[in-house]
1. Order ARG3, ARG35, most accessible first, counting only protein heavy atoms with a 1.4 angstrom probe.
2. Using the heavy atoms of the protein chains alone and a 1.4 angstrom probe, what is the accessible area of the chain per residue in square angstrom?
3. Just the number, please: carbon plus sulfur as a percent of the accessible area of the range 37-161, 1.4 Å probe, no ligands or DNA/RNA counted.
4. Just the accessible area for ASP95, please: 1.4 Å probe, Å², rounded to the nearest 10?
5. Suppose every Lys and Arg Cβ carries +1 and every Asp and Glu Cβ carries -1, with no other charges. What dipole size does the chain come out with about its Cα centre, to the nearest 20 debye?
6. For ASP76 and ARG147, calculate 0.36 nm times their separation in residues minus their Cα-Cα distance, and state this gained length in nm to one decimal.
7. How would GLU91, GLU138, GLU23 rank on accessible area, largest to smallest, probe 1.4 Å?
8. If I take every Cα pair under 8 Å that is 6 or more residues apart in the chain, average their sequence separation and divide by the length, what percent do I get for the relative contact order?
Amino acid sequence: NCRGNSIVKIASDGGVTPFAQSELFNCPYGIAFDRQRNLYAVNWQDNRMLRIDAQGVVSVFARVSEKGLAHLCFKDNRFYVTAFRSHEIYEVGLDKSVKRILGPGERGMVDGAAATARLSFPMGIACHPWAPRLYINEDVNEGALPRQSIIRVITLDPPAR
């Protein structure tokens, strides 16, 4: 609930109950679980990634970009986070390390290596379950009606072992 700065549970019967509410929320937008079933959220209005424990207690997990965040997914002990307003993708480790992996912070539609590729308002993100890939939904032309978007496939470098 972005406007209410809260996260709710939806039961299988459709019932809705409060789960977490916090002053740390600043329009919680994307959510994802890690392998231990801990819940994480990113704020649309700031740069914080938050961890929500099983009792609904919220704490700051990491600061990601300098602007608002959109969505995240979890793969191979890492989160991948879209920074909508700064046109970037970040990798956040379970050790709270943060690394920009794509986009120099300037809007564009340029494929290529991480240092040169440009993104256009990356919003949604999905981690491929077994291949080293991310799927990014981008807004191609902000403000145009009807809005147009693309899905871009990003191949990840293999994790260091």
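1. Working: ARG3 225, ARG35 145 Å².
Descending order: ARG3, ARG35.
2. 57 Å²
3. Working: 3210 of 6510 Å².
Ligands and nucleic acids excluded, carbon and sulfur reach 49 percent.
4. About 120 Å², ignoring ligands and nucleic acids.
5. On the way: 20 positive and 16 negative charges, 36 e Å.
Charge dipole of the chain: 180 debye, to the nearest 20.
6. Working: separation 71, 0.36 × 71 = 25.56 nm, distance 3.32 nm.
Extra length available between ASP76 and ARG147 comes to 22.2 nm.
7. Working: GLU91 40, GLU138 0, GLU23 180 Å².
Accessible-area ranking of GLU91, GLU138, GLU23, largest first: GLU23, GLU91, GLU138.
8. Numbers: 407 pairs, mean separation 19.3, N = 161.
For the chain, the relative contact order is 12 percent.
The values are calculated or read from the model by the stated rules, or taken from the named source; none is laboratory data. Just so you know, these numbers come straight off a predicted model, no measurement behind them. Note that we place each Cβ from the backbone using ideal geometry, even for glycine, and neighbour counts take in every protein chain shown. For accessibility, only protein heavy atoms count, side chains too; no ligands or nucleic acids. Shrake-Rupley method; radii C 1.70, N 1.55, O 1.52, S 1.80 Å.
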